[in-house]
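In what follows, a single structure is set out as structure tokens and then discussed.
The values are calculated or read from the model by the stated rules, or taken from the named source; none is laboratory data. From a predicted model like this one, the values you see are computed outputs, not experimental measurements. Because the Cβ atoms are built from the backbone with ideal geometry, glycine has one as well, and the counts that use them run over all protein chains shown. The area values use the complete protein model at the heavy-atom level, side chains included, leaving out ligands, DNA and RNA. Shrake-Rupley method; radii C 1.70, N 1.55, O 1.52, S 1.80 Å.
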Number of protein chains: 2
Amino acid sequence: MIKIAIDAMGGDFGPEPIVDGLVAALRSNTNFTAIAVGKKEELLNLIPSNFLSRIEIVDTDDVISMTDSATDALKRKDSTIYKAIELVRNEEADAVVSAGHSGASMSLATLRIGRIKGISRPAIATLMPTSENQNTLVLDVGANVDCDAKNLYEFAVMGQVYAQDVLKLDEPIVGLLSNGEEESKGNEVSKEAYQLIRKIPNFAGNVEGSDIFKGSVDVVVCDGFIGNILLKTAEGVADTIGTIIKKNLKRSLISIAGAVLMRKVFRNLKVRVDYAEYGGAPLLGVKAPVIIAHGKSNAKAVKNAIFQAITAASSNLSYNIEDRINKYK
Amino acid sequence: MIKIAIDAMGGDFGPEPIVDGLVAALRSNTNFTAIAVGKKEELLNLIPSNFLSRIEIVDTDDVISMTDSATDALKRKDSTIYKAIELVRNEEADAVVSAGHSGASMSLATLRIGRIKGISRPAIATLMPTSENQNTLVLDVGANVDCDAKNLYEFAVMGQVYAQDVLKLDEPIVGLLSNGEEESKGNEVSKEAYQLIRKIPNFAGNVEGSDIFKGSVDVVVCDGFIGNILLKTAEGVADTIGTIIKKNLKRSLISIAGAVLMRKVFRNLKVRVDYAEYGGAPLLGVKAPVIIAHGKSNAKAVKNAIFQAITAASSNLSYNIEDRINKYK
């Protein structure tokens, strides 16, 4: 049976949404157990007693806060995230979920669990909504600010394997983010990466920013600097559209009535763009599944992050990444 | 009196929207005249006779098409865009507007009109809508795919001067696009650029993708690879939200009724995000104002692009860029 380690205290809102999410996950999937790392007393107060048989607690109360540096985190061996990751390193758990300090989670996972053979740098992947009822996996969205062509090639392979093994897509198509679709487009690094990535199957060539949201491809590869900017840009545009609509609404009762009638449409839209629907972002390239959830995760996001961890832990993700990474070189 | 040269044939839809936009501009601003470059016969058919006194026509029928390479464009001295730019080079016109091949316009402007002293690479700037009733100027959005720190510094100065002289902002604030707000964030190039740009007044430091649409700063600086991706991402997100809303609408009559009541709100939103409201994108760093309009420009976009050209030509833009570029080094 799959066992998931979870940093129960790391999120912005303390242990409550984490435990709630974990309990919701346990309720709807009876095929896993969990190890919750956090202050035992607090966690026991939050966990309904009938779930205690499926949740082991590792007691500790040191939490890496968002203002701590990732480097400091490496020394705080009693912190919730350190202990959660150590459980995976020691094979006491199959995967780890954390809504805590993402830099700390990333560094600790890379150093303590270790990289898959052939991967020079792990990457964070995230799902973006499209206008079709599917999503696009984008990586790297922040782990690696400066990347060379080889890094981008590795991201392409890892993304494709994840899409196949965890998202269960058949022959996922990979695109390289660029400033135009033609092969001649790109900056120095992306042009060099194009020549490496073209060797993998189902490579669609260069894609543009808009392709992510059209769903033209299944996986989009970029460096972590651009990935972060892209993510924040997308959030910014969506927020701004919402703000402009709300501001204009206030000016007219008729429009407000319209918005009330349209509320189901807006609710559906919200569901499509709500990160909580996707859960967390997998850190790809480490030897065991590590799911990094948003610091502001609610119970639903935590539940979905746990489901992602379970699917990844039940797959041959690491094995297949290691197998493929040298195949197309 | 300001004289604007216009490539009358370069747009995707031929001369009609260009001439209509020009006539609309002449109608509402009596303080300029124009030189339209294109097939005389065709243009005469489109221009109302009472405007002929304010439009000079330079007759030529060679048009650089979107599939031609920018390098070829340098040799086709009879093309509409070549001739329009030559009019500025020869000081027969004060500024040029083109909705034609943007790569050709850029190369020709840089080589024939020439760079401002101290500028190593001209950049394309564009206005992005924010949730406040103002816009953010972003540059570079595509002219320079690989940039070094010095290029980014130049973009910062040019953007600030443009915001002051043409957008008429008082002490415009400049931000450097990065993957986080802290000074420690950034990739190698942006960190080096930070140290150069920090010397200019009203530098806000690093900003994130979402800041562009919040209007936290007036000018956002990035390289042309990222700028292009950012622009297409923003368009992609806006389109996708529209598509998701429309798809959901179809499922319910009540929602459709709501949308009808909300139509004024949607119209206002459309105005805020419509590129035609802003006209074209200025190519900054060349000795005279060059406005690059969207290939799909309608008459309104052309009119607004012409207004931008007039404001730029009436300002001390080039002089001020040259003056400031060495000031903070």
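Key figures for this structure:
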{"item": "Verdict on residue B:86 being farther than 23 Å from residue B:298 by Cα, out of contact with any helix residue (DSSP H, G or I) (no Cβ under 9 Å at 6 or more places or on another chain) and modelled with pLDDT of 95 or more", "result": "no"}
{"item": "Residue check for residue B:269: at the interface with another protein chain (Cβ under 7 Å from one of its Cβ atoms) and open to solvent by 30 Å² or more (accessible area, probe 1.4 Å)", "result": "no"}
{"item": "All positions within region B:205-222 that are more than 10 Å from chain A (Cβ to nearest Cβ), open to solvent by less than 10 Å² (accessible area, probe 1.4 Å) and under 19 Å from the mean Cα position of the chain (by Cα)", "result": "B:217, B:219, B:220, B:221"}
{"item": "Region A:175-204: number of residues that are crowded, with 20+ Cβ neighbours inside 10 Å and within 14 Å of chain B (Cβ to nearest Cβ)", "result": "10"}
{"item": "Tally, over region A:126-152, of residues that are within 12 Å of chain B (Cβ to nearest Cβ), under 20 Å from residue B:226 (Cα atoms) and out of contact with any Pro (no Cβ under 9 Å at 6 or more places or on another chain)", "result": "8"}
{"item": "Neighbours by Cβ (under 8 Å, 6+ apart or cross-chain): first from region B:155-174, open to solvent by 60 Å² or more (accessible area, probe 1.4 Å); second aromatic (Phe, Trp, Tyr)", "result": "B:173/B:203"}
{"item": "Of residues in region A:228-238 being free of Cβ contacts under 8 Å to residues at least 40 places away in the same chain and open to solvent by 20 Å² or more (accessible area, probe 1.4 Å), the one nearest to the other protein chains (Cβ to nearest Cβ)", "result": "A:232"}
{"item": "Residues (part of a helix (DSSP H, G or I) and either of a type in the set (Ser, Thr, Tyr) or in contact with a helix residue (DSSP H, G or I) (Cβ under 7 Å, 6 or more places away or on another chain) (or both)) located in region B:261-284", "result": "B:261, B:264, B:265, B:268, B:269, B:271, B:272, B:273, B:275, B:276, B:277"}
{"item": "Complete set of residues in region B:291-302 that are buried (at least 21 other Cβ atoms within 10 Å of the Cβ) and of a type in the set (Gly, Ala, Ser)", "result": "B:293, B:297, B:301"}
{"item": "Every residue from region B:187-225 that is β-branched (Val, Ile, Thr), farther than 17 Å from residue B:134 by Cα and in contact with a Leu (Cβ under 8 Å, 6 or more places away or on another chain)", "result": "B:189, B:197, B:207, B:221"}
{"item": "Among the residues listed as A:305, A:288, A:312, A:257, the single one being assigned to a helix (DSSP H, G or I) and either open to solvent by 10 Å² or more (accessible area, probe 1.4 Å) or among the charged types (D, E, K, R) (or both)", "result": "A:257"}
{"item": "Qualifying positions in region B:315-329 - open to solvent by less than 90 Å² (accessible area, probe 1.4 Å) and either part of a helix (DSSP H, G or I) or not aromatic (Phe, Trp, Tyr) (or both)", "result": "B:315, B:317, B:318, B:320, B:321, B:322, B:323, B:324, B:325"}
{"item": "Condition met for residue B:111 (out of contact with any helix residue (DSSP H, G or I) (no Cβ under 7 Å at 6 or more places or on another chain), under 15 Å from residue B:288 (Cα atoms) and either open to solvent by 50 Å² or more (accessible area, probe 1.4 Å) or assigned by TED's automatic domain parsing to the domain that holds residue B:306 (or both))", "result": "yes"}
{"item": "Residues (among the polar types (S, T, N, Q) and not in a helix (DSSP H, G or I)) located in region B:148-186", "result": "B:178, B:179, B:184"}
{"item": "Hits in region B:18-39 - residues which are within 19 Å of residue B:65 (Cα to Cα) and either surrounded by fewer than 23 Cβ atoms within 10 Å (Cβ to Cβ) or free of Cβ contacts under 8 Å to residues at least 24 places away in the same chain (or both)", "result": "B:39"}
{"item": "Single residue of region A:239-254 satisfying the filter (modelled with pLDDT of 80 or more and open to solvent by 60 Å² or more (accessible area, probe 1.4 Å)) that is nearest to the other protein chains (Cβ to nearest Cβ)", "result": "A:254"}
{"item": "Residues of region A:73-102 that turn out to be open to solvent by 20 Å² or more (accessible area, probe 1.4 Å), assigned to a helix (DSSP H, G or I) and under 22 Å from residue A:141 (Cβ atoms), as a count", "result": "1"}
